[in-house]
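Chemist: My structure is below; once you've seen it, I'll send some questions.
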Amino acid sequence: MAKELKKPAKPEEPDLLPAMGLFTILIPMLLSMTSFSKLAIVEVNLPERSMMNMDNDTPPEPDQQALNLSLAITSDYLVIGARGGFQPNVYFKEMWTFRCKSDSKLITYSPEEVKATVEAGHGPKCQDGKEMDKEKYIYEIENIELWALEKTSEEDPGRVRWSLYTSQGENVPDSVFVDGNNEFFAMTGEGPGGLKQPAGLKKPSAGAAVATLTPNSARKLKPEDAAKSIVYPLSAYDIIAKDLIAIHAQFIDLDDVDNIIIVANDDTQFDKVIQLMDRAKAAEFAKINLAKLGG
Amino acid sequence: MARKSRKYGEDVPFSLTSMMDMMTIILVFMIKNMDAEGQLLTQAENLILPVSTSKVQPKGVSLTVVVDNNYVVVDNAKIVTTEDVLKQEDLLVTKVDSVLKERRQVEIDHNLAAGLPADEAGNIVVQIDKNIPYDAMYKVMATCGFAGYTNIAFAVMQKNGGEE
């Protein structure tokens, strides 16, 4: 007798309704636990002056063997001081990068440009031509950047220095590249104030030997990383970060090698203080004190 | 030719497969972004915190002082205007100091009742708008120290949303 072949049954779709019910419960629960921007804390030691005021004693004699490292920020420059001496001033040009609500794109102006625009009765302009709210434009500042300046004298207005950076996109700099000698790939910009990117400074090609300020980061640049690199004004924060790392390594044997005092003047924005604290922490200065300039 | 239309009475199977695909994607995204430890720190309104590379999380719930463009707020109560803090010459912000001292005393009493050491430094988290001048920040921080809150931490926003 010929074997009767059984016709394959039409595949039945699994009952997905219970799984859907489970998902409907899980998604709102996870939604309530999701955080889209994470908060953290930066610990700080108490202000030096307040501590001195509390016990009205004369300050102790300075320890000649101590490093006594301080980092000062004024409206024009950053400077590192230690053992009563100071390194050369790192002059900067402050720039505000806004993220416009109208087009979600970044645009950078100097504070002077913004103030002049606001005084003329307008808000800073976005890339799409729309104006920001002249009362609330300050809430649209995404980054306060300090572009390093090359100066020949105190009176010289200076020219912007440019360097090579890694980038996560949108022409936003991330980590600065350094060469085998731990020097920046930096050049002074062209045009008035050096605001135009120097023609001689090219993006690194794939296979180029580069590093960042992070220890043991020397590597040959991968093609995808080379494509993402950008030429951008050198940040004064990065110059300070490099110097702080070098100082910490050089004076590692001193007792107060992990201490640093950040000194700022009254009108320094809080954001700048946090950026300096970040650089100090990255250079392994664990104990950060804050003090007032002239205080 | 007459158009053949589907009868209303015909049983059309309802396919949930595409809905399941969508739900699966959302679920994976949510699990990736889930913070199982919960938030010990929540951002106050009316201020933008500075972005930092710090990943340090607060160890416990602490008293929070907020300094925005308009007010200094202690535990959700507006104490003094930021403008007044900037105008004053003295380092000590007296109104904030008296509120903080009261809070500190409550904490000390609570510690004593619980048999914990009362002389431990108080913890405080200060949330300051990134555009606030250093002068205001310094006075508020010094006031916290005078009131016995010597373990001071600034709240910051993690760079790239905490992503590596």
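Chemist: Kindly flag which residue pairs out of A:Lys93/A:Lys228; B:Lys32/B:Lys130; B:Lys78/B:Lys130 have an alpha-carbon separation exceeding 27 Å in this structure.
Modeler: Numbers: A:Lys93/A:Lys228 25 Å; B:Lys32/B:Lys130 29 Å; B:Lys78/B:Lys130 19 Å.
Table pairs above 27 Å Cα-Cα are B:Lys32/B:Lys130.
Chemist: Here is a follow-up. Mind telling me which of A:Ala19, A:Ala206, A:Ala186 comes out most flexible in a GNM of chain A, alpha-carbon contacts under 10 Å?
Modeler: Of A:Ala19, A:Ala206, A:Ala186, the Gaussian network model singles out A:Ala19 as fluctuating most.
Chemist: Return the average number of partner chain Cβ atoms within 10 angstrom of each residue Cβ along peptide B:151-160.
Modeler: Values: counts 4, 8, 5, 9, 4, 9, 5, 5, 4, 4.
Counting other chains' Cβ atoms within 10 Å and averaging over B:151-160 gives 6.
Chemist: Rounded, prolate or oblate, given the Cα gyration tensor of region B:51-163, with a/c below 1.5 counting as rounded?
Modeler: Values: a/c = 2.22, a/b = 1.13, b/c = 1.96.
Oblate is the answer for region B:51-163, as a/c is 1.5 or above yet b/c matches or exceeds a/b.
Chemist: How crowded by other chains is B:125-132, given as the mean number of beta carbons from other chains within 10 Å of each beta carbon?
Modeler: Working: counts 2, 4, 2, 4, 5, 12, 8, 4.
That average works out to 5.
Chemist: Then there is this: Please enumerate, by chain and number, the lysines with C-alpha under 19 Å from the C-alpha of A:Lys222, excluding those fewer than 8 residues away in the same chain.
Modeler: In chain and number order, the partners are A:Lys202, A:Lys203.
Chemist: Pairs of Cα atoms under 8 Å, at least six residues apart: use those to get the relative contact order of chain B, whole percent.
Modeler: Numbers: 188 pairs, mean separation 43.5, N = 164.
Averaging sequence separation for qualifying contacts and normalising by length gives 27 percent for chain B.
Chemist: To continue, here is another question. Please identify, among A:Asp128, A:Asp271, A:Asp174, the residue showing maximal mean-square fluctuation in a Gaussian network model of chain A using a 10 angstrom Cα cutoff.
Modeler: Its mean-square fluctuation being the largest, the pick is A:Asp128.
Chemist: Treating the angle as unsigned and between 0 and 90°, give the value, to the nearest 10°, between the Cα long axis of helix A:270-282 and the longest Cα principal axis of chain A.
Modeler: Long axis of A:270-282 versus the principal axis of chain A: about 80 degrees.
Chemist: Still on this structure, I have one more. Post the alpha-carbon centroid distance, region A:106-167 to region A:245-295, in whole angstrom.
Modeler: That distance is 26 Å.
Chemist: With chain B treated as a Gaussian network of Cα nodes joined by springs under 10 Å, which of B:Ile152, B:Ile48, B:Ile26 yields the largest mean-square fluctuation?
Modeler: B:Ile26
Chemist: Hey, another quick one. Over the whole of B:22-34, what's the average partner chain Cβ count within 10 Å per residue? Rounded to a whole number, please.
Modeler: Details: counts 1, 8, 2, 0, 5, 5, 0, 3, 9, 4, 2, 7, 7.
Averaged over the peptide's residues, the number is 4.
Every read-out reported here was derived from the displayed coordinates using simple, explicitly stated rules and does not represent laboratory data. Values in this document were obtained by computation on a predicted structure and should not be read as measured data. All Cβ positions, glycine included, derive from the backbone under ideal geometry; neighbour counts span all protein chains shown.
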